[in-house]
Every structure is written in structure tokens, then in C-alpha cells.
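> Dropping the structure in here first, questions after.
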Amino acid sequence: MILIRLVVLAFLLLPLARPAAAVVTFTDDSGQKIVVTTPFRRVISLYGAHTENLFSLGLDREIIGVSPHESYPPAAGRKPVFSYRDDPERFLAARPDLVLVRPMIMRGHRNLVASLQRAGITVISLQPRSVKAMLDYWRKLGAITGRQRQAEAMVKRFTSGLARIKARVAAIPPHRRLRVFFESIHRRMKTFAPSSLAIFALQAAGGINAAADAVPVRSTNIAAYGKEHILALANTMDVYLAQRGPMNRVTRDQIINEPGFAALKAVRRGRVYIIDEQLVSRPTLRLLQGIAVIQGLLYPHLPAASPGKARP
């Protein structure tokens, strides 16, 4: 009897087994099959949108490196900086278990990627091109870092904020909707692909894409257009909107003084606006802010929008 009691006691004192972590499996945007059995804990991000989303998931401590020139959230500026041009040894010395990139890096820096993978470091390439893909991308980031609940909270915050902004569009009669040309790269007279995040933001804000016939360049979010096509919109273009950032360092004066642009109705009426590239071209919660800003520019007499802040 005493022996039986001792066996029972020993069994009760054994540590409870933890449930096994769910295996995460998906194909990344470079075509790799990704299998994750344990959440990553030491992450280097080589794309500003990845960094911003990781902070939104509450992964401050897990982020051990970021790409150059990152400024949002401010905490990103205090992280060690890594570049895809760095020697692989610099990455290896930091001992990451995950390096997050986007397809451009995967294609253009194969030697770096191969070196990291040979060292046992996982490299995942992600860059969503649509809002549906963006929500799925947030869920992937949450799944591979053990932050599924936080990822779902991001999705809910975005969808509820978007619903509030779209509800305001109902107050704008269809014949009052403004036709907008949305510039992506001024020196090449390019706009955005109709399926891009930027055009989604424009349309969610209540604008009509004046360049809906634009053709995407190599399956990217950028679309060719040209000055001839822009000038053909002269009498129907209500607003000229341009993103500004590293991709497009244009100013309002440059647009207004562009030869031939005096013929544009938008220029004649002074309806030329600039918006921060990060608010309309990055798959982050701040896309909500970009939509609200565009809506305020197009329809300043509507009540102020309140999409909610994209808390890091």
C-alpha cells in the first residue's frame, strides 16, 4: 500500500506536459514552402512594413534588427541596422532565427539569402499586393511569432475603422464623387495599378480612379501611364494626388509647373495634393490613416473622420 501511494505521489509531482505548439505551414511570396514549429524569437526585418507590423504585434523585444532609414514607430530607430548589402557574417553574428524580406530582396540578393539559409536561419519573403492579402499577411506574421490573438486584433481594428470611413462615403451623391489621378512616380508619369493598396485607399475614401485603364508594370503595384494620357484627362480630372517619399520626391510646385499641366482642371482649380507614401503604399494599419487623409482632402466639408490610431 505504501509503495502504491509513493508511485501515485510521484506521478502527481511530475510537471504537466505543455501542449505542442501548432505547426504553421504556408507558401511565402517567393514560392518557398514555410514550415514553422516554434515561434521565432530573434527577428531581423529588412522591410519597413514588416518592422511596423511586428511592433503592432507587440514584438519590441523580439526585433533585433531593422533596415536602414526606418522611422516608424520611433522605437524602430533605436534598433541595430542591417542591410541586404551587408556581409552575411554580420547577420550570423547577431544570431537571428528569422530574417524577414520581400521578393525584391529575395530575387536580387540570392547569395545573402543562401548564406543565411545554409547557416540554419529561416528567411521568409512577404509583400502583399491587395487588402485581402494584407490581412492574410498580418495573420502569417502573428502565426510565425506566436501572436495570433494580436494579429486578429489588428484585422478587427482595420475592418471596423474601414467600415466607419466607408459609411461617410454614403453621404456623397454619386454625381458628386471626384475623379482623381493618383501619381506614383512623377519623373516617369506613372500611376498605381488598379488593384494596388493606394487605389484601394482612394476608392475607399470616395474617390474615382481617373486612370482605371492603367497597365501594371511587371505585376507590381506601379502602372505605366504617360503624360499624353494624363493630358487626355484634362477636362475630367477633378483632383491630382501624388504620393511623396523615397519612391517619389515630387513637390506640389513641380506638379503645377510641369509643362502642359496648366491644362488640367485639377491644376487650374488648385486641387493638387501630396500624401505621405507610407500612408498609402505600405501594408500596415496606417493605411486607415491614409484613407482618412485622402477623404479629408477630397471632401473637406464632410465631418472629420476617426479611423482610430494605428498603435505600435
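> Please order LYS79, LYS156 by the number of other Cβ within 10 Å, starting at the fewest.
Ordered from fewest to most neighbouring Cβ atoms within 10 Å, LYS79, LYS156 come out as LYS156, LYS79.
> Tell me which lysines have Cα within less than 22 Å of LYS265's Cα, excluding those fewer than 8 residues away on the same chain?
LYS190, LYS227
> With contacts defined as alpha carbon pairs under 8 Å and 6 or more residues apart, what's the relative contact order of region 20-146 in percent?
Relative contact order here is 28 percent.
> What are the residues whose amide H is under 5 Å from the amide H of ARG102, where those residues sit 5 or more places off or on another chain and H is modelled from the backbone?
LEU126
> For region 20-146, what percent of Cα pairs sit more than 26 Å apart?
13 percent
> For a label point 7 Å from the Cα of SER195 along Cα→C-beta, name the residues of region 207-238 whose backbone N is under 13 Å from it.
215-222
> Over region 123-215, one equal point on each Cα, no solvent: what is log10 I(q)/I(0) by the Debye formula at q = 0.24 Å⁻¹?
Rounded to two decimals, the profile gives -1.16.
> Here's something else I'd like to know. DSSP loop trypsin sites (Lys or Arg not before Pro) in region 54-151 with at most 15 other Cβ atoms within 10 Å of their Cβ, which ones?
In loop regions of region 54-151 (DSSP not H, G, I, E or B), the sparsely surrounded trypsin sites (Lys or Arg not before Pro) are ARG61, ARG85.
> So for region 173-298, what are the equivalent ellipsoid semi-axes in whole Å, largest first, each being the square root of 5 times an eigenvalue of the Cα gyration tensor?
19, 17, 14
> Can you compute the modelled spin-label distance between MET104 and MET247, with each label point 7 Å from Cα toward Cβ, in nm?
If labels sit at MET104 and MET247, their model points lie 0.8 nm apart.
> Who wins for biggest fluctuation among PHE26, PHE91, PHE158 in a Gaussian network model of the chain, springs between alpha carbons below 10 Å?
Result for the chain, Cα springs under 10 Å: PHE26 fluctuates most.
> Gaussian network model of the chain, Cα springs within a sub-10 Å range: biggest mean-square fluctuation belongs to which of ASN53, ASN248, ASN257?
ASN257
> Which residue, ASP87, ASP97, ASP136, has the most motion in a Gaussian network model of the chain that connects Cα atoms within less than 10 Å?
ASP87
> Here's a follow-up. Looking at [x] 58, 43, 34; [y] 98, 46, 32; [z] 65, 39, 36, which value of Cα extents along the principal axes in Å comes from a calculation on the structure shown?
[y]
> Sticking with this one: Cα centroids of region 93-120 and region 130-157: how far apart, whole angstrom?
Taking the Cα centre of region 130-157 as reference, the centre of region 93-120 is 23 Å away.
Rule-based calculations on the coordinates, nothing more; no lab input. Since this is a predicted model, take the numbers as computed values, not measurements. Methodologically, a virtual Cβ is constructed for each residue, glycine included, from the backbone with ideal geometry; neighbour enumeration extends over all protein chains shown.
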